[in-house]
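One structure below.
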Amino acid sequence: MNLGMIPGSGGTQRIAKIVGLTRAKDMIMRARKIPANEAYQWGLLTQVVSKGDLQQTVDSLVEELVQFSPLAQRVAKEVLNASEESPLGVGLKMEGKAYGLLRTTEDFKEGVDAFVEKRKPIFKGK
């Protein structure tokens with residue numbers, strides 16, 4: 001609004017689906033900056049940390065995420081993102097196909113082997 005423009009790249013549509021039309025209008029039409037705690041309450045954030053703890057929090061999150069299969073992470077993100085715009089039946093079919101595809105990967109075999117052998121998996125993204 002301050003630039004005579006609206007949010008692009010689906011910003012108006014996505015924010016309305018996440019926080020509801022009334023809050024989206026309030027945010028966008030007033031060019032309102034939402035404080036972190038309010039954004040957390042609205043479901044825009046999953047965590048609020050102090051500026052001093054930000055880098056450590058990010059580093060911990062990255063350390064956690066890189067332990068998982070990059071293939072499974074990528075597919076999960078795609079299926080979850082698609083669920084936002086798809087009817088439940090379509091989402092379930094997409095999930096089923098993704099599940100079946102991932103079961104054919106080397107990462108899945110490594111995950112199962114590591115579980116059986118009671119060790120940490122070493123995923124290679126294959």
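The values are calculated or read from the model by the stated rules, or taken from the named source; none is laboratory data. These numbers were taken from a predicted model, which means no experiment stands behind them. Here Cβ is always computed from backbone atoms with ideal geometry, including for glycine, and neighbour counts include all displayed protein chains. Surface areas here come from the heavy atoms of the whole protein model, side chains and all, with no ligands, DNA or RNA. Shrake-Rupley method; radii C 1.70, N 1.55, O 1.52, S 1.80 Å.
Towards the positive end of the charge dipole of region 1-68, with charges on Cβ (+1 Lys, Arg; -1 Asp, Glu), say which of VAL66, LEU45, GLY8 has the farthest Cα.
Of the listed residues, the answer is GLY8.
Roughly how far apart, in whole Å, are the Cα centres of region 1-16 and region 41-94?
Their Cα centres are 22 Å away from one another.
What longest region of the chain stays clear of chymotrypsin sites (Phe, Trp or Tyr not before Pro) that DSSP places outside H, G, I, E and B and that have at most 16 other Cβ atoms within 10 Å?
Of all site-free stretches, the longest is 69-126.
Given R₀ = 22 Å, FRET efficiency for LEU101-PHE68 by Cβ-Cβ distance, to 0.05?
Numbers: r = 16 Å, r/R0 = 0.74.
Efficiency computed from Cβ-Cβ geometry: 0.85.
Take every Cα-Cα pair in region 57-126 and report what % of them are more than 14 Å apart.
More than 14 Å apart: 64 percent of the Cα pairs in region 57-126.
For the chain, state what percent of all Cα-Cα pairs lands in each successive 5 Å bin, counting from 0 Å until the bin that includes the largest distance.
Once binned at 5 Å, the Cα pair distances of the chain give 2, 9, 12, 13, 14, 16, 14, 10, 6, 3, 1, 0.
For THR105, enumerate residues with amide H under 5 Å from its amide H, sequence gap 5+ or separate chain, H modeled in the peptide plane.
none
To the nearest 10 square angstrom, how much accessible area does ARG119 have with a 1.4 angstrom probe?
So the heavy atoms of ARG119 present about 90 Å² to solvent.
So how exposed is ASP113, as accessible area in Å² (1.4 Å probe, rounded to 10)?
50 Å²
Charges at C-beta only: +1 for Lys and Arg, -1 for Asp and Glu. How large is the resulting dipole of the chain about its Cα centre, in Debye rounded to 20?
Result for the chain is approximately 340 debye, rounded to the nearest 20.
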